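Below you'll find the structure, written out as structure tokens, and then a few comments.
Readers should treat all values here as calculations from the given coordinates under stated rules, not as data from a laboratory. Treat the numbers as computed from the prediction; the structure is a model and nothing was measured. Here the Cβ is made from the backbone with ideal geometry for all residues, glycine too, and neighbour counts use every protein chain on show.
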Amino acid sequence: MVGTVIGVFIRIALALCSLYLHEWAHVFVARGYGAKVEAVRLSVFGMFARVRRMDNLLPGQRAFVYFSGPLANIMIGAWAYTVHHLSYVGVIWLRDLALINAVIAAFNLLPLLPLDGGRLVQHVLGNGFGILRANRFMLRFGRICAVALAVLGLVQIILFSYNITLLCAAIFIWRKNVVMQAQLRMECFLTLQKKPALLRGSRGKRKHKVKILSIPADTPLMYAVERFGWSYIREFNVEGKPVREETIMSFIFSPYRPSVSESLAMPIGALV
């Protein structure tokens, strides 16, 4: 009995240490790129690092910040698994450490917001289809998956002695995908304001892609903004005249403009 209790406490301690190292991997990489880390907090659903100034990072840098946490767990798990199998006697806690880190990495790489895997998929889809459209898709997909996880969680409770793991995960994912819409929208606009300067770099020496899209002059600005991506500058061909995304963003956030919603409803031809 005593051995069982000690084993449970050891596994809990290993899980907490693995979560802590996961978050500090995010912190280490983010600080290395110049972001500001405010706090690493423990909650019911795990540990979270609050990072500011992510919009000052290049798209590839942000993606690596998101991937660094699961990568740390993969490396720890691989080390623990290798040492456990190379050991003559076999250290039981190393086997548990490998399993715990594999589970943490796999869960965080699920393509759901706000998990790291969801952020990586958001980055890929944002480059392919536009940041705002990718955000809407990810939030809807997350809510659908949360409902599916809740159903599986209820089945798990019935069949496996009231295990509520999946149900807690479903509640967490549903709640985050409901409240993140405003956060993602603000994050998107802050990034779009700074992106041209970041992609061009100092003195305009950094290489960047320019993607051209031809659209009619009566197309609303919202349509254009929804097609802005992370890693390139979008340029619109409006009746033979180029309109770059920084022109649109400077108009939307100009102190002399109407409200943002009214600006987004205006035709892009008004800027030509």
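Put a dot 7 Å past each Cα toward the Cβ at E235 and F129; how far apart are the dots in nm?
Label at F129, label at E235, 2.7 nm between them.
When a/c is below 1.5 the answer is rounded, else prolate if a/b is larger than b/c, else oblate, so apply that to region 75-172 with a ≥ b ≥ c taken from the square roots of the Cα gyration tensor eigenvalues.
Since a/c reaches 1.5 but b/c is at least a/b, the shape of region 75-172 is classed as oblate.
For R200 and F28, what does the FRET efficiency come to when R0 = 22 Å and r is the distance between their Cβ atoms, rounded to the nearest 0.05?
Given R0 = 22 Å and the Cβ-Cβ separation, E is 0.20.
How much length, in nm to one decimal, is gained on full extension between F107 and S214, taken as 0.36 nm per residue of separation minus their Cα-Cα distance?
In short, 34.4 nm is gained.
Scan the chain and note any complete DSSP helix (H) whose C-alpha atoms cover at least 30 Å along its axis and whose Kyte-Doolittle average is 1.0 or more.
Once both thresholds are applied, what remains is 2-33, 131-159.
Put a dot 7 Å past each Cα toward the Cβ at M186 and I6; how far apart are the dots in nm?
It works out to 5.0 nm between the two label points.
Once fully extended, how much extra length lies between T165 and Y256, figured as 0.36 nm per residue of separation less the alpha-carbon to alpha-carbon distance?
So the extension gain works out to 27.6 nm.
Under unit Cβ charges (Lys, Arg +1; Asp, Glu -1), what dipole magnitude, rounded to 20 debye, does region 113-181 have relative to its Cα centre?
With only Lys, Arg, Asp and Glu charged at Cβ, the dipole is about 260 debye.
I'd like the antiparallel share, as a percent to the nearest 5, of DSSP beta bridges with both residues in the chain.
If I count the DSSP bridges inside the chain, around 65 percent turn out antiparallel.
Based on Cβ point charges of +1 for Lys and Arg and -1 for Asp and Glu, what charge dipole magnitude is obtained for the chain about its Cα centre, in debye rounded to the nearest 20?
Magnitude of the dipole: close to 680 debye.
Taking the Cβ of each residue in M266, M249, M186 as the centre, tally the other Cβ atoms inside 10 Å and list the residues starting with the fewest.
Ascending Cβ contact count within 10 Å gives the list M186, M266, M249.
Sort 142-148, 129-135 for me by packing, meaning the mean count of neighbouring Cβ atoms within 10 Å per residue, highest on top.
Taking the mean over residues of other Cβ atoms within 10 Å, the ranking is 129-135, 142-148.
Check L109: other-chain or 5+ apart residues with amide H under 5 Å from its amide H, H built from backbone geometry?
G117
Which shape class applies to region 208-271: rounded if a/c is under 1.5, otherwise prolate when a/b exceeds b/c and oblate if not, where a ≥ b ≥ c are the square roots of the Cα gyration tensor eigenvalues?
Oblate is the answer for region 208-271, as a/c is 1.5 or above yet b/c matches or exceeds a/b.
Name the residue from V121, P59, N177 whose Cα lies farthest towards the positive end of the charge dipole of the chain, charges +1 on Cβ of Lys and Arg and -1 on Cβ of Asp and Glu.
Ranked along the dipole, the leading option is P59.
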